[in-house]
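Enquirer: This is the structure I want to talk about, given as structure tokens.
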Amino acid sequence: MNNPLGIHALVFAGGTTPDEVDTITAGAQRARYDIIEFSLHGLDHLDTASTKQLLQDRRLTAICSRGLAPDADVSSEDLAVVERGAALLHESLQATAAIGGVRLTGALYSAFGKAAAPLSDAGRRNIVSVLRDLAVEARGLDVALGLEVCNRYETNVVNTAADALRLADEIGEANVDVHLDIYHMNIEEKNFRDPVRLLGDRLGYVHVGENDRGYLGSGHLDFASFFDALGEAGYTGGITFESFSSAVVSPTLSNDLSIWRNLWTDSDDLASHAHDFLVEHLARATA
Ligand code: MN
């Protein structure tokens, strides 16, 4: 397997000010990654023009991700809350396109955090309606939209690959695909093979992270099984390493993701270790 490899910006810095974008892209380049993933929680500080230039200079492809917020949530029954969620998604899509990004992904369908109740039918209709419009807008900008499958403590909308496929079908736009993350799969799926087989060519993007979101290979996840399934499915998309520690903090995202512990301190060591791990394990995967 020879997939483009990516790394999440929060390995290097917690925000997206010009100085932080410099630190992030330099770190990704040093560790030989092809893709940098920015979380768009700090849009106010993002200078899109200089970021786009830096990405070109450093030969990095940008992918953006985000989740929504309780007062800006397209899965709500409250239309004012849905409107604010739709506006946040629109701004995020515009920022993705402005930095030359090729994909906007994540929990685009709901607020981060433990829901108090199951998703309602009205909430589901709101998600489908907003994401269908967003997909049409994204198509004009050449941006793909990903539905990341997240665990039950982060969303009540999409917890398994089957859930995501159903939502993608309801949205019914060709540039909306599914994003699997082995960290969430470990919590919600029966194994790491069947979800990949179920999705087939509807799988558009992949996150890898250890079960505690620390160093790859230091925990109990069966990466070989996952990578074999990706190889057998002919998956050629990006594989991005996601890892979080209290050593690098985003005031919002770190709290949303429950990053309370210090799992690493050396960003460069973590990044190059993960790159070596991915190259070695993907080379061994069943084609
Ligand atoms: Mn993820």
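The values are calculated or read from the model by the stated rules, or taken from the named source; none is laboratory data. Here the structure is a predicted model, which means the values were calculated and not measured. As a convention, Cβ positions derive from the backbone with ideal geometry for all residues, glycine included, and neighbour counts pool all protein chains shown. Accessible surface areas use protein heavy atoms only, side chains included; no ligands, DNA or RNA. Shrake-Rupley method; radii C 1.70, N 1.55, O 1.52, S 1.80 Å.
Enquirer: Percent relative contact order of segment 5-286, based on C-alpha pairs within less than 8 angstrom and at least six residues apart?
Expert: Answer for segment 5-286 is 18 percent.
Enquirer: On to the next question. For segment 5-286, which whole-number percentage of the solvent-accessible area (1.4 Å probe, protein heavy atoms only) is attributable to carbon and sulfur atoms?
Expert: 48 percent
Enquirer: I'd like the accessible area for Glu137, computed on protein heavy atoms only with a 1.4 Å probe and all protein chains in place. Round to 10 Å², please.
Expert: 50 Å²
Enquirer: So, one more: Tell me, what is the 1.4 Å probe accessible area of Asp78, in Å² to the nearest 10?
Expert: Rounded to the nearest 10, that gives 80 Å².
Enquirer: Let me ask something else about it. Which value in deg cm²/dmol, rounded to the nearest 500, describes the helix-derived mean residue ellipticity at 222 nm for the chain, given -39,500 (n - 2.57) per DSSP H run of n ≥ 4 and division by the residue count? Working shown, then result.
Expert: On the way: 10 runs with 119 residues, N = 287.
Counting only the DSSP helices, I get -13000 deg cm²/dmol.
Enquirer: May I ask for the net charge around Val178, where only other residues with Cβ less than 11 Å from the Cβ of Val178 are counted and Lys, Arg are +1 while Asp, Glu are -1?
Expert: Net charge around Val178: -4.
Enquirer: OK, next. Let me check I've understood the local charge: for Val158, count other residues with C-beta under 15 angstrom from its C-beta, Lys and Arg +1, Asp and Glu -1. What total comes out?
Expert: Details: positive: Arg66, Lys114, Arg124, Arg152, Arg166, Arg202; negative: Asp73, Glu148, Glu154, Asp163, Asp169, Glu170, Asp177, Asp181, Glu188, Glu189.
Net of charged neighbours comes to -4.
Enquirer: Which residues does a label at Glu232 reach in segment 268-287, if reach means a backbone N under 12 Å from a point 7 Å past the Cα toward the Cβ?
Expert: 286-287
Enquirer: Tabulate in residue order the Karplus-calculated ³J(HN,Hα) for segment 213-222, using 6.51 cos²θ - 1.76 cosθ + 1.60 with θ = phi - 60°, rounded to whole Hz; enter x for Gly and Pro.
Expert: Each residue's phi maps through the Karplus curve to give 6, x, 4, 4, x, 8, x, 10, 6, 8 Hz.
Enquirer: Continuing with this model, one more query. Using a cut-off of 13 Å between beta-carbons, work out the net charge of the residues near Tyr109 (Lys and Arg +1, Asp and Glu -1, Tyr109 not included).
Expert: 0
Enquirer: What range in the chain is the longest one free of trypsin sites (Lys or Arg not before Pro) that are in a loop by DSSP and have at most 14 other Cβ atoms within 10 angstrom?
Expert: Counting at most 14 other Cβ atoms within 10 Å as exposed, the longest clean stretch of the chain is 191-260.
Enquirer: Starting from the amide H of Ala144, placed 1.01 Å from N in the peptide plane, find each other amide H under 5 Å away whose residue is 5 or more places distant or on another chain.
Expert: Answer set, sorted by chain and number: Arg103, Leu104.
Enquirer: Round to a whole angstrom and tell me the spacing of the C-alpha centers of segment 1-65 and segment 102-132.
Expert: If we compute the Cα centre of each part, the gap is 26 Å.
Enquirer: In the chain, with Lys and Arg counted as +1 and Asp and Glu as -1 at Cβ, which of these residues, Gly85, Ala144, Leu198, has the Cα nearest the positive end of the dipole, that is, farthest along it?
Expert: Leu198
Enquirer: Starting from the coordinates of the alpha-carbon atoms of the chain, obtain the Kirkwood hydrodynamic radius over all distinct pairs and give the value in Å to one decimal.
Expert: Its Kirkwood hydrodynamic radius stands at 18.7 Å.
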